[in-house]
Amino acid sequence: MARRTAIVGIGQTYHCARRDDVNGQELINEAVTRALEDAGLTMKDIDAIVIGNMDHFEAINYVDGWSVDGSGAFMRPIMKLTTGGTSGMTVATAGYYHVASGFFDVVLAIGWEMNSSSDTTAAITTCCQPLIERDFFAGAIGPLAAEYTAYIKRFGATEEDAALVSVRDHNNALNNPHAHLRTRITVEDVMKSPVLCYPIKLLDMCPRSDGACALIYACEGKAEKLAPRPAWVHTIAGSRDFVYMGEPFQHEELITLERASARAYKRAGITDPLKEIDVMELYLPASTTGVKWMESLWVCGRGEAPRLIREGVFNMDGQLPVNPSGGPLATNPIGATAMIRVGEAALQIMGKAGDRQVPNVRTALATAFGSCSWSDVTILRDTKP
Amino acid sequence: MPEGKPETIFDVVDKAGMLVQKGRIKVPYTWAAGKVASKFLVGLRDERRIYGIRCPECKTVFVPPKKLCHKCMVEMSEWVELGDEGVLETFTIVHYGEPTVHPVQPPFAYGVVKLERADTGMVHLIGEADLASLEEGQRVRAVFNDIRRGHYLDIKYFKPV
């Protein structure tokens, strides 16, 4: 039986296109210091550390060792994990496992990225089979674009539906002091922005950011003392799929997210996610995914997402606010992006989300997306599991 | 690169007192195709034919072929000769250039082509097409390069029929 475990501290850097004033270790340390301050702890209280990023974005291997200056891991156990876009949630999950297993009481999880160090799209392309699709795949945009092309065809969704998601997330980011892009935009702005890969335009796509996030997990008995309102981990579920784009052959859905979220809901006793979840922090790499993936989260039936989006159901004042932080469309330090989802969900539970706080959050869901197409889901609550 | 010259070239840029150092790591790789993919690639090179492979358990016909079915975890050995025509299931039009990666200049289209008798799609470029009038569901046919090397791009692209 796993030990009950909660998030008691969250730290984020500010995010921007490039940080020239710090190196990677120093960037990591900003998030670590803030997470420790948030939980009222010092490094002496930390029993173990988990860290993650995408090695090939900075071309630094053995980040667990290299990062010691910033992570505080000197003479402490640390392990590094990398799973693509999901890295941040994999690291968060490992932080949870460390505590839930009973081996450690207080654990620090760190996700970080200095995307400015390299050509992100060229680096992402190394995830592809070198002999088959690497030549023209070239990053994450193309496959997401092709998925939405199929979705438009099948369900009559529009490019404007995706633009509504972009407007929602970008404008939510105005309330988030940590967000990278903080500019008010309109549907017209999105529609007029340059096409990257039809039907995805510049303002439909996430930026690449420099930044870091750190979370502190603590066991039952300590968590209640460290935080007045800890964010208890109720369940974590993940699904993986083969990365070859031709393979799944159901481009209108995200099967990994369907399976992972169904498993998470079952474990958390959720039968009607639209009603029972108070806020979602979703890893939406493109606005188009904020349309079609809502169905994979079981909040509506197939083809119904465009209607809910047009009605504003997922807006800040809607029934189920999605991405109060602005999500990845506003901020995307890739190795930290998924951890920020968990951190933002935790802030909502803890009532510390400031201007982006949704009232009375008791159940929050965070997702992660990586490669093509992997999904992770975390459910947090204000009550113990 | 002439002999004796370093492979890594450093350049330092001063941005208002914050120094950034530019570098490039060139790492040569040699990727093994393996027996199964080799047969597929030789088929493209020598016969201008596209071969798939069928899983003995779930009967899925994979193209490009691979040794192991990821669903059933069994080895596959039943080869299926596929036609060079199929249906364009979905596509995108790429408007940005990635010169270190892309084999062609933007704008260009690529998509998922479902060949007859195959159960998976084949990701490839779409050529000789009016990009503005591309549509899902339209039939496309493989166009082979005259000079073929046993490479996935021995198929130059798929063109609308």
For region B:39-93, which residues satisfy the criterion of being under 30 Å from A:Tyr198 (Cβ atoms) and touching a His at 6+ places or on another chain (Cβ under 8 Å)?
B:Leu44, B:Glu89, B:Thr90
Show me the strands (runs of 3 or more DSSP E) entirely contained within region B:100-157 in which 2 or more residues are farther than 23 Å from A:Gly139 by Cα.
B:139-144
Residues of region A:33-60 satisfying the condition of being surrounded by 20 or more Cβ atoms within 10 Å (Cβ to Cβ), at pLDDT 95 or above and over 18 Å from the mean Cα position of the chain (by Cα)
A:Leu36, A:Asp38, A:Ala39, A:Ile46, A:Ala48, A:Ile49
Go through (1) away from chain A (no Cβ under 11 Å); (2) crowded, with 16+ Cβ neighbours inside 10 Å; (3) within 22 Å of A:Val195 (Cβ to Cβ); (4) touching a residue at least 40 places away in the same chain (Cβ under 8 Å) and name the single condition B:Gly127 misses.
(4)
From (1) in the same structural domain as A:Met350 (by TED's automatic domain parsing); (2) out of contact with any His (no Cβ under 7 Å at 6 or more places or on another chain), pick out the condition that doesn't hold for A:Cys213.
(1)
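Within region A:113-120, is there a residue that is polar (S, T, N, Q), crowded, with 23+ Cβ neighbours inside 10 Å and closer than 30 Å to A:Ile10 by Cβ?
Restricting attention to region A:113-120, the residues satisfying the condition of being polar (S, T, N, Q) are A:115-118, A:120.
From what's left, crowded, with 23+ Cβ neighbours inside 10 Å: A:115.
Keeping just the survivors that are closer than 30 Å to A:Ile10 by Cβ gives A:115.
Yes, region A:113-120 contains a residue that is polar (S, T, N, Q), crowded, with 23+ Cβ neighbours inside 10 Å and closer than 30 Å to A:Ile10 by Cβ.
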Within region A:142-175, restricting to residues that are under 13 Å from A:Ala286 (Cβ atoms) and among the polar types (S, T, N, Q), the one that is surrounded by the most Cβ atoms within 10 Å (Cβ to Cβ) is A:Ser166
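Does A:Ala237 meet the test of being surrounded by 24 or more Cβ atoms within 10 Å (Cβ to Cβ) and at pLDDT 95 or above? Before the answer, list the steps.
On the way: surrounded by 24 or more Cβ atoms within 10 Å (Cβ to Cβ): no; at pLDDT 95 or above: yes.
No.
Looking for something touching a Gly at 6+ places or on another chain (Cβ under 7 Å) and not β-branched (Val, Ile, Thr) - is there at least one such residue anywhere in region A:240-257? Before the answer, list the steps.
Here is the first cut: in region A:240-257, the residues touching a Gly at 6+ places or on another chain (Cβ under 7 Å) are A:246, A:249.
Cutting the leftovers down to not β-branched (Val, Ile, Thr) gives us A:246, A:249.
Yes, the conditions are met somewhere in region A:240-257.
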Conditions (1) at positive phi; (2) more than 9 Å from chain B (Cβ to nearest Cβ); number of the one not met by A:Thr126
(1)
Is at least one residue of region A:298-311 in contact with a strand residue (DSSP E or B) (Cβ under 8 Å, 6 or more places away or on another chain) and either surrounded by fewer than 19 Cβ atoms within 10 Å (Cβ to Cβ) or not assigned by TED's automatic domain parsing to the domain that holds A:Gly9 (or both)?
no
Please state which of the following conditions B:Lys66 fails to meet, knowing it meets all the rest: (1) assigned to a loop (DSSP other than H, G, I, E, B); (2) free of Cβ contacts under 8 Å to residues at least 24 places away in the same chain.
(2)
Is it the case, given these coordinates, that A:Glu26 is surrounded by fewer than 16 Cβ atoms within 10 Å (Cβ to Cβ) and touching a residue at least 40 places away in the same chain (Cβ under 8 Å)?
yes
Hits in region A:240-257 - residues which are more than 26 Å from B:Gly137 (Cα to Cα) and modelled with pLDDT under 95
A:Arg240
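Output the number of residues of region B:76-97 satisfying the condition of being without any contact (Cβ under 8 Å) to a residue 24 or more places away in the chain and in a strand (DSSP E or B).
We begin by selecting, within region B:76-97, every residue without any contact (Cβ under 8 Å) to a residue 24 or more places away in the chain; these are B:92, B:94-97.
Now drop any that are not in a strand (DSSP E or B), which leaves B:92, B:94.
Final tally of qualifying residues: 2.
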Only unsatisfied item for A:Gly9, checking (1) under 28 Å from B:Met18 (Cβ atoms); (2) within 18 Å of the chain's Cα centre (by Cα), is (1)
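Test B:Thr120 against the criterion of being within 10 Å of chain A (Cβ to nearest Cβ), in contact (Cβ under 8 Å) with a residue 40 or more places away in the chain and either in contact with a strand residue (DSSP E or B) (Cβ under 7 Å, 6 or more places away or on another chain) or not aromatic (Phe, Trp, Tyr) (or both), and give yes or no. Steps first, please.
Working: within 10 Å of chain A (Cβ to nearest Cβ): yes; in contact (Cβ under 8 Å) with a residue 40 or more places away in the chain: yes; either in contact with a strand residue (DSSP E or B) (Cβ under 7 Å, 6 or more places away or on another chain) or not aromatic (Phe, Trp, Tyr) (or both): yes.
Yes.
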Go through (1) in a loop (DSSP other than H, G, I, E, B); (2) on the phi < 0 side of the Ramachandran plot for B:Met73 and report which single condition fails.
(2)
Only one of these conditions is not met by B:Arg54: (1) farther than 14 Å from A:Glu247 by Cβ; (2) crowded, with 19+ Cβ neighbours inside 10 Å; (3) within 13 Å of chain A (Cβ to nearest Cβ). Which number is it?
(3)
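The values are calculated or read from the model by the stated rules, or taken from the named source; none is laboratory data. As the structure is a computational prediction, the values presented were derived from the model and not from experiment. Every residue, glycine as well, gets a Cβ built from its backbone with ideal geometry; the counts of neighbours run over all protein chains shown.
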